[in-house]
Amino acid sequence: MSRFSLEENQKILVTQSSLPPIEEYIEKIREIWDTKWLTNAGVMHNELQKELENYLGVENLALFVNGHQALELALQALEMEGEVITTPFTFVSTTHAIVRNGLKPVFCDINTRDYTIDVDKLENLITDKTVAIVPVHVYGNICDVERIDEIAKKYNLKVIYDAAHAFGVKYKGHGVAEFGDMSMFSFHATKVFNTIEGGAICFKDKELESKITGLRNFGIRNEECIDLVGSNAKMNEFQAAMGLCNLKHIEEEIQKRKSIVETYRECLANSEVVILEEQENVTSNYAYFPVLLESNQKRDELYTYLKEKNIYTRKYFYPLTNDIECYKDYDCNDTPVAKNVASRVLTIPLYADLDKDVAIMICKEINNFLNSKNE
Ligand code: T4K
């Protein structure tokens, strides 16, 4: 084990934004000064859209100001009414996007293998009001896309994946957005690939393109025709420029994350925390590294212990979205496995530039804490 220790006042946060070399970004945004074109489907926006379609292996992709707007407006484009099955083990955005469309979220539990939707519990929740499933890929782990596909076909349901954590993830060599009707990616500053803020929706049905792009620009068709009650959710040129620069380095970024994850796996192998197995047939992007403690109390104590050492972990995802204040008057069904996992999970720092010695030191602190509890 390393004897490495943090410098005084050095904080290790749960993540750190990936940035390109500053010269690359300056070079790119210089073009914005030449054209004076800042937003509204500019040249860089269109270039990034094409590059991402290639990278993700999809035919239709629309860029957005952030991932949440991408999901919310994609759901609006589908013009649905009724119930949507989803999981509460997610960032609030997923549930908000459903509710803000006037749809009723029906919460399905998660499984303990990868913390995504438990497909064995899904069918029981389908009623004659169910119109769609919004499953969530979490931490870079993906849902059982094949079973979800079968169930959706059987009951004629739309599938819109929240793929905020799954940028670049592949299943059996296929990009994750090839599954379902739509997939939303988040390009927030904290994600594997960022455009500062940003997001995209990938969709199979080309006919939806006009509605999706219309909804993101107030529903404006031309100077005299506005045919949709849309929003303003356009990605601007500074965001797109950041995306074009970051995309050049994405493979290297993912490899660096992979190496930190390998260090964590090695150093925590004999520890009492539960670590998820790598998923079979999945090429991960190593977005987050969750560990599960024995109890809620131990999780909270470890969180505080590490914080006192300047190591800032996060309780992603706690509380569950079916347990939060703004849904207290909603008829939210219980999800016992998700509740249990949410009460015990901690995501530990993970980002491309995290030093291997720091990762080893974090594991050492986790093990020190656990040993002290067992004395
Ligand atoms: N669905 C899922 C499953 C999601 O996880 C998210 C977003 C969405 C949908 C919605 O997508 P977006 O609309 O956001 O594109 C953060 C992010 O803000 C949020 O995007 C993300 N999920 C969520 C899991 O994490 P907070 O409230 O934890 O962020 P914050 O500000 O506490 O930042 C966390 C850490 O990140 C900081 O301790 C340091 C680091 N950081 C943060 C910022 C803002 C940086 O290194 N650079 C930065 O610029 O939500």
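For E262, E209, E8, E365, what's the largest-to-smallest order of accessible area, 1.4 Å probe?
E8, E262, E209, E365
What does the accessible area of I226 come to, in Å² to the nearest 10, when a probe of 1.4 Å is used?
Estimated to the nearest 10 Å², I226 gives 110 Å².
A 23 angstrom limit on the alpha carbon distance is what I want to check against. Which of K172/K258; K191/K356; K104/K158; K121/K204; K170/K307; K129/K153 exceed it?
The pairs that break the limit, which is 23 Å between Cα atoms, are K121/K204; K170/K307.
With both bridge residues required to lie in the chain, what share of the DSSP beta bridges run antiparallel, to the nearest 5%?
For the chain, the DSSP antiparallel bridge percentage is about 60.
Kindly state, to the nearest 0.05, the FRET efficiency for N281 paired with S210, given R0 = 30 Å and r defined as their beta-carbon distance.
0.25
Work out, in µm²/s and without decimals, the Stokes-Einstein translational diffusion coefficient of the stretch 289-375 at 20 °C, 1.002 mPa s, Rh from Kirkwood over C-alpha pairs.
Approximately 150 µm²/s, per Stokes-Einstein.
Can you find, among T321, L268, L247, the residue farthest towards the positive end of the dipole of the chain? Put +1 on the C-beta of Lys and Arg, -1 on that of Asp and Glu.
After comparing all options, I get L268.
Within the chain, what whole-number % of the accessible surface is contributed by carbon and sulfur, with the 1.4 Å probe and all protein chains included in the calculation?
47 percent
Looking at the calculated P(r) for the stretch 60-194, what percent of the C-alpha pair distances fall above 21 Å?
The proportion of pairs with Cα distances above 21 Å equals 34 percent.
Taking a virtual spin label 7 Å from the Cα of T190 along the C-beta vector, which residues in the stretch 315-338 bring their backbone nitrogen under 15 Å of it?
315-321
Which of the peptides 10-19, 134-143 is most tightly packed, and how do the rest follow, judged by the mean count of other Cβ atoms within 10 Å per residue?
134-143, 10-19
When the gyration tensor of the stretch 149-273 is built from Cα positions, what are the square roots of 5 times its three eigenvalues, in whole Å, from largest to smallest?
The three semi-axes for the stretch 149-273 are 34, 22, 12 Å.
Per 10 Å bin from zero, what fraction in whole % of the C-alpha pairs of the stretch 87-135 is there, up to the bin with the longest pair?
Calculated over all Cα pairs of the stretch 87-135, the distribution is 26, 54, 20, 0 percent.
Beyond 19 Å, what percent of the Cα pairs of the stretch 251-311 remain?
For the stretch 251-311, the share of Cα pairs beyond 19 Å comes to 42 percent.
Could you sort the peptides 165-172, 114-121, 249-256, 21-28 by per-residue average Cβ neighbour count (10 Å cutoff), highest mean leading?
Top of the packing list down: 165-172, 114-121, 249-256, 21-28.
Where does the chain land on Rg/Rh, using Cα atoms and the Kirkwood Rh?
0.98
What's the Cα-based Rg to Rh of the stretch 107-156, Rh via Kirkwood?
0.95
Compute the relative contact order of the chain as a whole-number percentage, counting only Cα pairs closer than 8 Å that sit 6 or more residues apart in sequence.
Worked out over the chain, it gives 24 percent.
Would you kindly work out the equivalent ellipsoid of the stretch 141-195 from its C-alpha gyration tensor and give its semi-axes, the square roots of five times the eigenvalues, largest first in whole Å?
23, 12, 7
The values are calculated or read from the model by the stated rules, or taken from the named source; none is laboratory data. Values in this document were obtained by computation on a predicted structure and should not be read as measured data. Every residue, glycine as well, gets a Cβ built from its backbone with ideal geometry; the counts of neighbours run over all protein chains shown. Ligands, DNA and RNA are stripped out before the accessible areas are found, and what is left, the full protein with its side chains, is counted by its heavy atoms. Shrake-Rupley method; radii C 1.70, N 1.55, O 1.52, S 1.80 Å.
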